[in-house]
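Contents: one structure, followed by commentary.
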Amino acid sequence: MALEPKDVLVRMHEELQRALKKAPGERRWVMVIDLRKCVGCHACTIACVAENKLPPGVVYRPVVEQERGTYPNVSQVFMPRPCFHCDEPPCVPVCPVNATYANEEGVVVMDYDRCIGCRYCLNACPYSARTTDFGHAYTDNLPMADGLIIGRETADDYERIPNFEYGKEWDRPGGLQSPVGNARKCHFCLHRVHEGELPACTTTCIGRATYYGDSNDPESLVSELITQSNAIRLREELGTKPKVYYLV
């Protein structure tokens, strides 16, 4: 009796454990998104919002939709668009306080304690991968009529629970401190990765269209995928050298 094939999530998890045994500087985290499998369900977007407790207006992984063809031969294409964690990130040199930089693993990260909210990095990013946290909450302006007060308080309490981006506890009571006012972006779920878990978007993808791993490992799944003839990177002519690849 033939064994069931190994799920790609199991394989990527095993490869993640192997990568974490190496020194940080020896790893190169890469994401591959198979556009042929993406069905535009936005599960990755919602998973990212829930994982990072993102407020209104802050989205780390939007899914861009495009309609192609003319009636009656019409189709839709869906493109998840996280931060591309470029090897030559245009957002880094424009920051006047060095609040954004590439860490030793090559992931472009934010230092919320340094960020002054100038938004230069938002303008510099050619992929529109950054947003600003203006301190809003989904419970803002929610009606306070009888019967809704408890519901609002419960939802509001949930929104104010700290998140743990970059492995640090970030509290937002009253919306008065970081990351409120800061630029925010996808960080490849490093707080999960360093604990041995894949990014939330990867584990949630219902079509197994998102892959994550160490491209410095020649036996990893992502290393196999990025060498395929149909693997592309967006706007390579800019010289940004993105770490997110698409299979088309």
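None of the figures in this text is laboratory data; all of them are computed from the coordinates on show. This one's a predicted model, so the numbers in the text were calculated from it and none came from an experiment. Please note: Cβ atoms are built from the backbone with ideal geometry, for glycine as well, and neighbour counts cover all protein chains shown.
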Point to revise | GNM flexibility winner over the chain from Ala23, Ala129, Ala47 (Cα, springs under 10 Å) | key: Ala23
Revision key, fill the gap. Taking every C-alpha to C-alpha distance in the chain and binning by 10 Å from 0, the per-bin percentages run 7, 28, 34, 21, 8, 2, 0
Study note, to complete from the structure: When the charge dipole of the chain is computed with +1 at the Cβ of Lys and Arg and -1 at the Cβ of Asp and Glu, the Cα pointing farthest to the positive end, of Asn52, Leu9, Trp170, is that of Leu9
Study note, to complete from the structure: Lone Cys, the chain, Cβ cut-off 4.7 Å -> Cys38, Cys41, Cys48, Cys86, Cys95, Cys115, Cys118, Cys125, Cys189, Cys205
**Study point:** Tally of Lys pairs whose C-alpha atoms are under 20 Å apart, taken over the chain, 8 or more apart or cross-chain
**Key:** 8
Check your understanding: Percent of alpha carbon pairs in region 1-69 separated by more than 17 Å?
Key -> 66
Review point. For Asn98 and Arg36 in the same chain, what is the full-extension length gain: residue separation times 0.36 nm, less their Cα-Cα distance, in nm?
Key: 18.5 nm
Review point. Remind me, relative contact order of region 8-247 in percent, using alpha carbon pairs under 8 angstrom and six or more residues apart?
Key: 32
Review point. Pick from Lys37, Lys22, Lys53: which residue has the top mean-square fluctuation in a GNM of the chain where Cα pairs under 10 Å get a spring?
Key: Lys22
Exercise for review: Please work out the Cα center distance from region 110-137 to region 18-92, rounded to the nearest Å.
Suggested key: 18
